[in-house]
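Down below is the structure, laid out as structure tokens.
None of the figures in this text is laboratory data; all of them are computed from the coordinates on show. Bear in mind that the values here come from a model prediction, so they are computed numbers and not experimental data. Here Cβ is always computed from backbone atoms with ideal geometry, including for glycine, and neighbour counts include all displayed protein chains.
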Amino acid sequence: MKAALLYGPHDWRIEEIDSPTFTDDQLLISIKACGVCHSELHQWEEKIPGLDYPRFIGHEAAGIIKKVGSHIKKFKEGDRVALWIFGKGFAEEVSVNEDQVFPINDDITYEEALAEPISCTTNALLKTNVLLADTVALVGTGFMGLILLQQLKHQGVSKLIAIDVRNEILTKAKELGA
């Protein structure tokens, strides 16, 4: 099968690799879409000390279940899923454990199902104990910050302050309610 490997800054190669191993406790997923995380952009732009190359990247993926291990009860072949994986999101197939997979509805595209960023901001929100009367300042309102801003606004937080060095981002934050 084919997979993309990062060999270093600006050196991404499509290579033929072995198909993933598969156990009775796993699902084999045919990848249909994979997002690019900001941390992966850093790896593309510059060599990160401590990281081994070549390396697989891509952890925000969605696809269709191709095979189901005999111990798996929640899913079946053909189910559409979003998944969180440690790399190999830019491979044709990946084997994962059941707890790494989340079902997606048929009316959602694979690209729309790349929800890992929203789960990160939701996790942050759940840990903060923000109250409706609170004033919240978001330091850094890039992609993830703007998602969190919308979640806070939806929850009814009374005052949102966006802090960023980029004027176009601050304009967008203001449009979204900061």
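Coupling constants for the stretch 33-41 follow from the phi torsions by the Karplus curve (6.51 cos²θ - 1.76 cosθ + 1.60, θ = phi - 60°), and in residue order they are 7, 8, x, 10, 7, 4, 5, 6, 4 Hz; glycine and proline get x. Listed by chain and number, the aspartates and glutamates whose alpha-carbon sits under 19 Å from that of K47, ignoring those within fewer than 8 places in the same chain, are D11.
Would you mind counting up the charge near W84? Only other residues with Cβ under 10 Å from its Cβ, with Lys and Arg at +1 and Asp and Glu at -1. Each step should come with its number before you reach the end.
On the way: positive: none; negative: E60, D99, E116.
Around W84, the charge tally is -3.
Here the label points at I17 and H154, each 7 Å from Cα along the C-beta direction, are separated by 3.3 nm in the simple model. Evaluated over the stretch 58-144, the count of Lys pairs having alpha-carbon atoms less than 30 Å apart is 10 (only pairs 8 or more residues apart or interchain). Exposure proxy for L149, L125: other Cβ atoms within 10 Å of each Cβ, ordered fewest to most, give L125, L149. Amide H contacts of K32 (H built 1.01 Å from N, in plane; Pro and chain starts excluded): A62, G63, I64 sit under 5 Å, all sequence-distant by 5 or more or on other chains. Quick check on the chain: take the gyration tensor over C-alpha atoms, sort the square-rooted eigenvalues as a ≥ b ≥ c, and tell me if it's rounded (a/c under 1.5), prolate or oblate. Cα axes put the chain in the oblate bin.
Applying the Karplus relation 6.51 cos²θ - 1.76 cosθ + 1.60 with θ = phi - 60° to the stretch 154-159 yields 3J(HN,Hα) values of 4, 6, x, 4, 5, 9 Hz, where x marks Gly and Pro.
Computed over the stretch 10-98, the alpha-carbon pair-distance distribution with 5 angstrom bins reads 3, 14, 24, 22, 16, 11, 7, 3, 1, each value a whole percent.
What FRET efficiency, computed as 1/(1 + (r/R0)^6) with R0 = 30 Å and r the Cβ-Cβ distance, is obtained for D52 and K2, rounded to the nearest 0.05? Let's see the in-between values first.
Details: r = 21 Å, r/R0 = 0.70.
Efficiency, rounded to the nearest 0.05: 0.90.
Rounded to the nearest 500, the 222 nm mean residue ellipticity of the chain from helices alone is -7500 deg cm²/dmol, with -39,500 (n - 2.57) taken per DSSP H run of at least 4 residues. Just going by the charge dipole of the chain, with Lys and Arg at +1 and Asp and Glu at -1 on Cβ, which of C120, I72, F56 is farthest out on the positive end? Checking the options against the dipole of the chain, the answer is C120. Distance from the C-alpha centroid of the stretch 25-49 to that of the stretch 103-178: 22 Å, rounded to the whole angstrom. Distant-in-sequence amide contacts of K67, defined by a placed amide H-H separation under 5 Å and a gap of 5 or more residues or a different chain, comprise L28. Among V165, V36, sorting on how many other beta-carbon atoms sit within 10 Å of each Cβ, with the fewest leading, yields V165, V36.
So how strong a dipole does the chain carry about its Cα centre when Lys and Arg Cβ are +1 and Asp and Glu Cβ are -1, to the nearest 20 debye? Dipole of the chain, to the nearest 20 debye: 500 debye. Note on M1, M144: ascending count of other Cβ atoms within 10 Å places them as M1, M144, the fewest first. Distances between placed amide hydrogens fall under 5 Å for I161 paired with V136, A137, L138, all partners being 5 or more residues away or on another chain.
Each residue of the stretch 108-119 is assigned a 3J(HN,Hα), and the resulting list reads 10, 6, 4, 5, 5, 7, 6, 9, 4, x, 5, 5 Hz, derived from the Karplus form 6.51 cos²θ - 1.76 cosθ + 1.60 (θ = phi - 60°), x at Gly and Pro.
For the pair S30 and S119, label points projected 7 Å from Cα toward Cβ lie 2.3 nm apart.
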